[in-house]
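Chemist: Quick one: the structure is below, and I'll ask about it shortly.
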Amino acid sequence: KRNVFNFELLWAFPGEDNHETLKNIYQTEQQVFTGSNQRYSNQIRRSNTLEGALKYTRRFANPDKMLTATVSNTFNKDIEDTDITTATLTQNGEPVDTTSVQRTHVYQHTNLMNVSFDYAQPLTRSGVLETGYKGIGRYLNSDYERATLLNGVYVTDPLNTNIYVFKEQIHAVYAQFTGWVGDRDAPQWKYNVGLRAEQVWNTGQTTDLSTDVTNRYFNLFPSASIAFYTNEQDNIKFSYSKRITRPGLGQLSPFTDITDSLNQRSGNPHLQPEIIHSYELGYTQNLAKGSISWVGFYRIRNNAILPYTVLDSNGVAHTRPENFGKALSYGGEVIGTYLVASFYNFNLSFSAFQTTIEDTGAGPDVTKGLFSWYTKLVNNFTVGKNGRLQITGNYTGPTALPQGENVAVYFVDVGYQHKIMNGRGRI
């Protein structure tokens, strides 16, 4: 009863066949036609992902005392082959001849491993100490090749063919104390204070050493919050936290995607992680049939990771992620839930915020400000005795980039769940 083991295993094998045709027209500033081409790419991508996790939980007579240990690992193998054919066009769009035939491949292996131990121990009648360790290992092996067909033979481009290997170890320990004044289930005050210490080592290297990156850094991440309960359920809460967001493995790859010859993209192996300072002040009020929360926030992102584009003399735009000095965001958020009827309830969230991006060396001086907002509405319906219907609408307004903005994104999701076999199964 006090020792629980959980095991889960997932195998996924996604695949993509992408066919893309790009037509380019070249003109002078006076709009005089100088050339045109059509670029067709056929990209075949196959992946295999294997994820496994084992978790152990030890319970004690005191429900506030607990020990958990988790080990998880994710292996991914990704194969991507692309054939690219470029044909010259006349001013009327008629093909003249084939000017080039190219092919690229990206063969990538990744591994992500997590190990964690967490222990909670009551120290007083009104306080619990939590402490633990987390280790993360990340590994990337990316094999990239670019070749051009010459006289019936594919000739490899040595400047754009390489193998990149990235390895990273992250070790972190933490301690957090949670306390309350008054009864635990109906406190007058509730507070917590915590600190996480983290050491990171990573290396990234190509076989020809054209890219050779080594990082070693240590960080402390404090956090704290305090809440005052105006009654048993309503409270005013202030919190602060320092967090880290690391670049994804794809963002660290140095290789350039040339599927679109005029808009080429790559990762950046020199990226540093974002360090985020977050301040929040909120009020939560419980209603007879729901609740509503108001939150004001102010966030500082140091080393903000954002895309940056450079246009070369040939008219080719090269885009890759860069670290920008600082990105500031401040605004407010409202979250409400309400039971309209026995068969229908909804959850509505709305956030409005101002974002300012300041550059301190990533490229030409950049100061970009933009007001944006997003909203999400989740509708839940009970259909008969065994059915549940959910309709979700989401809208995100334009968001700031160093050289412009992302366009608005909006979508609707519909999901349905039905119990079968007298409730022993679900579809």
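Chemist: So, restricting to strands (runs of 3 or more DSSP E) that lie completely within the stretch 130-229, which ones have at least 3 residues that are closer than 19 Å to Tyr107 by Cβ?
Modeler: Result: 162-182, 187-206.
Chemist: Could you check the stretch 114-130 and list, in sequence order, the residues that are among the aliphatic types (A, V, I, L, M) and surrounded by 15 or more Cβ atoms within 10 Å (Cβ to Cβ)?
Modeler: Of everything in the stretch 114-130, those that are among the aliphatic types (A, V, I, L, M) and surrounded by 15 or more Cβ atoms within 10 Å (Cβ to Cβ) turn out to be Val115, Ala120, Val128, Leu129.
Chemist: A further question on this structure: For the stretch 194-207, give me the residue count where each residue is under 17 Å from Thr131 (Cβ atoms), open to solvent by less than 40 Å² (accessible area, probe 1.4 Å) and either under 23 Å from the mean Cα position of the chain (by Cα) or hydrophobic (A, V, I, L, M, F, W, C) (or both).
Modeler: Total satisfying the criteria: 2.
Chemist: Condition first: assigned to a loop (DSSP other than H, G, I, E, B) and modelled with pLDDT of 90 or more. Can you find one or more residues in the stretch 290-302 that meet it?
Modeler: No: the stretch 290-302 contains no residue that is assigned to a loop (DSSP other than H, G, I, E, B) and modelled with pLDDT of 90 or more.
Chemist: Considering only the stretch 340-382, state which residues are part of a strand (DSSP E or B), β-branched (Val, Ile, Thr), at pLDDT below 95 and surrounded by 16 or more Cβ atoms within 10 Å (Cβ to Cβ).
Modeler: Thr355, Ile357
Chemist: Still on this model: In the stretch 241-258, which residues are part of a strand (DSSP E or B), more than 30 Å from Tyr40 (Cβ to Cβ) and open to solvent by 50 Å² or more (accessible area, probe 1.4 Å)?
Modeler: Arg243, Thr245
Chemist: Can you tell which of Gln91, Gln108, Gln121 is assigned to a loop (DSSP other than H, G, I, E, B) and not β-branched (Val, Ile, Thr)?
Modeler: Step by step, each of Gln91, Gln108, Gln121 is checked, and only Gln91 is assigned to a loop (DSSP other than H, G, I, E, B) and not β-branched (Val, Ile, Thr).
Chemist: How many residues does the stretch 138-164 hold that are under 19 Å from Asn202 (Cα atoms) and of a type in the set (Phe, Trp, Tyr)?
Modeler: Number satisfying all stated conditions: 2.
Chemist: Please find, among Asp83, Asp78, Asp64, the residue that is out of contact with any His (no Cβ under 6 Å at 6 or more places or on another chain) and not in a strand (DSSP E or B).
Modeler: Exactly one residue qualifies, and that residue is Asp64.
Chemist: I would also like to ask the following. For the stretch 110-125, check the following and say yes or no: at least one residue is under 19 Å from Arg45 (Cα atoms) and out of contact with any Cys (no Cβ under 9 Å at 6 or more places or on another chain).
Modeler: yes
Chemist: Continuing with the same structure: Filtering the stretch 214-239 down to residues that are surrounded by 14 or more Cβ atoms within 10 Å (Cβ to Cβ) and under 25 Å from the mean Cα position of the chain (by Cα), which residue is nearest to Leu306 (Cα to Cα)?
Modeler: Restricting to residues being surrounded by 14 or more Cβ atoms within 10 Å (Cβ to Cβ) and under 25 Å from the mean Cα position of the chain (by Cα), the top hit is Asn215.
Chemist: Among the candidates Lys289, Lys326, which residue alone is surrounded by fewer than 15 Cβ atoms within 10 Å (Cβ to Cβ) and touching a Leu at 6+ places or on another chain (Cβ under 9 Å)?
Modeler: It is Lys289.
Chemist: What are the pairs with Cβ atoms under 7 angstrom where one residue, in the stretch 398-419, is farther than 18 Å from Leu328 by Cβ and the other, located anywhere, is part of a loop (DSSP other than H, G, I, E, B) and open to solvent by less than 80 Å² (accessible area, probe 1.4 Å)? Sequence gap at least six, or different chains.
Modeler: Going by the 7 Å Cβ cut-off, the qualifying pairs are Val407/Pro398; Ala408/Gly397; Ala408/Pro398; His418/Asn386; Lys419/Asn386.
Chemist: Being open to solvent by 80 Å² or more (accessible area, probe 1.4 Å), among the hydroxyl-bearing types (Ser, Thr, Tyr) and modelled with pLDDT under 95 narrows it down to one of Ser210, Ser261, so name that one.
Modeler: Ser210
Chemist: From (1) touching a Lys or Arg at 6+ places or on another chain (Cβ under 8 Å); (2) at pLDDT below 95; (3) open to solvent by 40 Å² or more (accessible area, probe 1.4 Å), pick out the condition that doesn't hold for Asn314.
Modeler: Here Asn314 meets the rest and fails (1).
Chemist: Something else about it: Any idea which of Tyr154, Tyr133, Tyr164, Tyr174 is closer than 30 Å to Asn219 by Cα and exposed (fewer than 15 other Cβ atoms within 10 Å of the Cβ)?
Modeler: Criteria check complete, one pass: Tyr133.
The values are calculated or read from the model by the stated rules, or taken from the named source; none is laboratory data. Computed from a predicted structure; not experimentally measured. Please note: Cβ atoms are built from the backbone with ideal geometry, for glycine as well, and neighbour counts cover all protein chains shown. Areas reflect the complete protein model, heavy atoms only, side chains present, ligands, DNA and RNA absent. Shrake-Rupley method; radii C 1.70, N 1.55, O 1.52, S 1.80 Å.
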